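The values are calculated or read from the model by the stated rules, or taken from the named source; none is laboratory data. This is a predicted model, so every value here is computed, not measured. FYI the Cβ positions are ideal-geometry reconstructions off the backbone, even for glycines, and counts take in every protein chain you see. Heads up: the accessible areas ignore ligands, DNA and RNA and are worked out on the full protein's heavy atoms, side chains in. Shrake-Rupley method; radii C 1.70, N 1.55, O 1.52, S 1.80 Å.
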Amino acid sequence: MASSKEYLEFVLQQLSDLQGITYRAMMGEFILYYQGKIVGGIYDNRLLVKPVQSAIDYIKTPCYELPYEGAKEMLLVEELGDKEYLTNLFKVMYEELPTPKQKKKK
């Protein structure tokens with residue numbers, strides 16, 4: 001099941017206090033970026049983030065879920081109604097997120 005544009009818009013609204021939130025549509029789902037780093041994504045109308053230690057520590061009761069068959073587990077974010085909580089989650093994760101690899105020039 002693909003994620004809805006309405007769900008994406010709700011999540012983006014909840015993150016509107018952060019500078020540098022972008023997304024990319026991919027096979028009916030959405031990959032979320034914070035200042036150029038992949039934070040997680042929206043899969044089947046669920047917000048899932050990378051399971052970096054800072055996110056594991058920040059989320060009150062970490063719940064791991066698969067974004068899709070064959071993928072690595074990610075953390076489910078259930079506190080979507082709390083804008084401050086969600087904003088702070090992305091902030092605490094940022095330093096631990098891997099820097100994107102540079103694409104080779106042809």
Review point. Could you give every pair whose Cβ atoms fall below 7 Å, whose first residue belongs to region 9-28 and is more than 18 Å from residue 92 (Cα to Cα), and whose second residue is open to solvent by less than 100 Å² (accessible area, probe 1.4 Å) and in a loop (DSSP other than H, G, I, E, B), counting only separations of at least 6 or pairs across chains?
Key: 28/2; 28/3
Check your understanding: Does region 11-28 hold any residues that are over 13 Å from the mean Cα position of the chain (by Cα), outside any loop (DSSP other than H, G, I, E, B) and under 21 Å from residue 79 (Cα atoms), and which are they?
Key -> 13
Check your understanding: Among the residues of region 55-62, is any farther than 17 Å from residue 38 by Cβ, among the polar types (S, T, N, Q) and exposed (fewer than 12 other Cβ atoms within 10 Å of the Cβ)?
Key -> yes
Study note, to complete from the structure: Every listed condition ((1) under 17 Å from residue 97 (Cβ atoms); (2) surrounded by 18 or more Cβ atoms within 10 Å (Cβ to Cβ)) holds for residue 36 save (2)
Revision key, fill the gap. Taking first residues from region 92-106 that are modelled with pLDDT under 85 and second residues anywhere that are β-branched (Val, Ile, Thr), the pairs with Cβ under 9 Å that are 6 or more apart or on different chains are 100/38
